[in-house]
Amino acid sequence: MQGQNQQQAYDRGTTIFSPDGRLYQVEYAREAVERGSTSLGVRTEEGVVLVAEQQVRSPLMEGSSIEKLHKVDDHIAVGSAGHVADARQLVDFAREQAQVERLRYSEPIGIETLAGALTDHIQEYTQTGGARPFGVALLVAGIEDGEPRLFETDPSGTATGWSASAVGADRDAILDNLEANYRPDADLDGGIHTALQALASVRDAFEPSEVAISTIDTETEQYRTLDADEIETHLDEIDFEDNDE
């Protein structure tokens, strides 16, 4: 009984390490991410692709009001999984950092620099009393010096670079599919197909309204969101029958 009470004490403490070196609140934040709808990122030769699953809980809900992909700057976008409100706060922080960089240095912020600033901010909430960790993971994607970049952040405040990654529900299964099918020489359409096929590997089917797709290409370095007709065209090329294998 005493051991259980001690564990509960560490459980409640946002900034207290347990005897085995764990921060329970950070682990709970990761659990919130795993329960969130999925976002994927794929880096290609021509740019970077972000795909997000949008869960429309009611036919009365406007699908366009669900934001999973966010424009941070012309050349940067963020995909999220976890608590939507936490994601919104971090996206606002990222936008402020991008604006400060342009005002201070008259140049766009680097993708790795922004990912580092975000994770520094996230990490502070794992060691601050009276606060809790952010229950969200982000995919930070964009173009830096003509090269596509993709970083993943997690609730502990860690940033890692990826060629393709996923956050949210079914992450491990989706990563297995990406590892098997990712091609670094793919074009943007190929990157979209790779991301959608990975998502389809864990879903029976989904409608164009249930997925959002954005791209940033190396030529224009401009964020672009695909419309419903374009998404439907890509979905028509996806094979959902692989799910039974």
Please name all residue pairs, on different chains or six or more residues apart, with Cβ atoms under 7 Å, provided the first residue is in segment 115-143 and is open to solvent by less than 30 Å² (accessible area, probe 1.4 Å) and the second residue is acidic (D, E) and in a helix (DSSP H, G or I).
-> F134/D86; G135/D86; V136/D86
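For every residue, the table says whether it meets (1) crowded, with 16+ Cβ neighbours inside 10 Å; (2) at pLDDT below 95.
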site	(1), (2)
A159	yes, no
G168	yes, no
A173	no, no
E179	no, no
G191	yes, no
V202	yes, yes
T218	yes, no
Q222	no, no
Residue within segment 162-177 that is among the hydroxyl-bearing types (S, T, Y) and either in a loop (DSSP other than H, G, I, E, B) or in contact with a Gly (Cβ under 9 Å, 6 or more places away or on another chain) (or both) present | yes
One residue from E237, E241 being assigned to a helix (DSSP H, G or I), more than 30 Å from E124 (Cβ to Cβ) and at pLDDT below 95 | E241
Hey, among T233, T194, T160, T220, which residue is without any contact (Cβ under 8 Å) to a residue 40 or more places away in the chain and in contact with a Phe, Trp or Tyr (Cβ under 8 Å, 6 or more places away or on another chain)?
-> T160
Can you name every residue in segment 46-74 that is over 16 Å from the mean Cα position of the chain (by Cα) and open to solvent by less than 10 Å² (accessible area, probe 1.4 Å)?
-> G47
Just one listed residue, out of V42, V72, is under 25 Å from E179 (Cβ atoms) and assigned to a strand (DSSP E or B), and it is V42
Failed condition for I109, given (1) more than 16 Å from D154 (Cα to Cα); (2) in a helix (DSSP H, G or I), with all others met?
-> (2)
What number of residues within segment 12-36 satisfy the criterion of being outside any helix (DSSP H, G or I) and crowded, with 20+ Cβ neighbours inside 10 Å?
-> 2
Residue by residue through segment 83-135, note down the ones that are β-branched (V, I, T) and under 16 Å from the mean Cα position of the chain (by Cα).
-> V84, V91, I111, T119, I122
Looking only at segment 78-89, decide whether some residue is of a type in the set (S, T, N, Q), open to solvent by 10 Å² or more (accessible area, probe 1.4 Å) and not in a loop (DSSP other than H, G, I, E, B).
-> yes
Which of the residues belonging to segment 145-193 are of a type in the set (F, W, Y) and over 12 Å from the mean Cα position of the chain (by Cα)?
-> Y182
Flagged pairs (Cβ under 7 angstrom, 6 or more apart or on separate chains; first in segment 46-67, closer than 21 Å to A137 by Cβ; second exposed (fewer than 14 other Cβ atoms within 10 Å of the Cβ)) are none
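The values are calculated or read from the model by the stated rules, or taken from the named source; none is laboratory data. None of these values were measured; they are calculated from a predicted model. Don't worry about glycine lacking a Cβ; one is built from the backbone with ideal geometry, like all the others, and counts go over all protein chains shown. Each accessible area value is taken on the protein alone, full model and side chains, heavy atoms only, with ligands, DNA and RNA left out. Shrake-Rupley method; radii C 1.70, N 1.55, O 1.52, S 1.80 Å.
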